[in-house]
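One structure below.
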Amino acid sequence: MKKLFISLLLFLSLSIFSAFSLASGGLISFQENIFYGKSDQQNLGASFSIKPDNTNLFIEFFTGWNLSNNNFLLSGVLDYRLFEKEIKSNLIFYTNAGIKSAFDFSEQALLSLAPRAVFGLSFILFDGYLELFLQQAAEQNISFIFEDQLSLDFPLTLPFSIGFRIWD
């Protein structure tokens, strides 16, 4: 039932957003969480991303699974494109800055907020219709952990993503 709901939500989102001039696509992410200088948790997930035309904003919705704790994750990202440079024909280097919010559903509820820096490479195909990209981000989280009492944690998160966007 959960897969059907997520598939329906993704289809509906793509249908609504396709009415506007924007890029939409998906990406697969692997994320390493570093607590107090040591790697502690890994997340694997998929995202749906959109970029409205004529803006430098990128919006991403992430669903994933914490491989270490078997928890379900949800997050949202808003990035702003700071720099873009064409290295060769159809190969573009870019940097983004943004903010991420995340929810981790486990025995303890967790809410994270993080500023983020992103570096990536895009390869543009079919006269700008298809964009393939690799990107590496760094996020310094402020995590609010709700157990018996509220506690804070400050993990560094390093998500690596590979994905595509289709431009209409």
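Things to note:
- Single residue of LEU67, LEU74, LEU78 found to be open to solvent by 40 Å² or more (accessible area, probe 1.4 Å), under 12 Å from the mean Cα position of the chain (by Cα) and over 23 Å from LEU132 (Cβ atoms): LEU74
- Checking each residue in the range 98-127 for being of a type in the set (A, V, I, L, M, F, W, C), assigned to a strand (DSSP E or B) and exposed (fewer than 15 other Cβ atoms within 10 Å of the Cβ) picks out ILE99, PHE103, PHE105, ALA109, LEU111, LEU113, PHE119, LEU121, PHE123, LEU125.
- Failed criterion for PHE61 (all others in (1) touching a helix residue (DSSP H, G or I) at 6+ places or on another chain (Cβ under 9 Å); (2) modelled with pLDDT under 90 hold): (2)
- Single match in LEU27, LEU4, LEU9, LEU44 (criterion: at pLDDT below 90, surrounded by 13 or more Cβ atoms within 10 Å (Cβ to Cβ) and part of a helix (DSSP H, G or I)): LEU9
- All positions within the range 145-155 that are under 23 Å from LEU44 (Cβ atoms) and either without any contact (Cβ under 8 Å) to a residue 24 or more places away in the chain or open to solvent by 60 Å² or more (accessible area, probe 1.4 Å) (or both): PHE154
The values are calculated or read from the model by the stated rules, or taken from the named source; none is laboratory data. None of these values were measured; they are calculated from a predicted model. Glycine also receives a Cβ, built like all others from the backbone with ideal geometry; neighbour counts cover every protein chain displayed. Heads up: the accessible areas ignore ligands, DNA and RNA and are worked out on the full protein's heavy atoms, side chains in. Shrake-Rupley method; radii C 1.70, N 1.55, O 1.52, S 1.80 Å.
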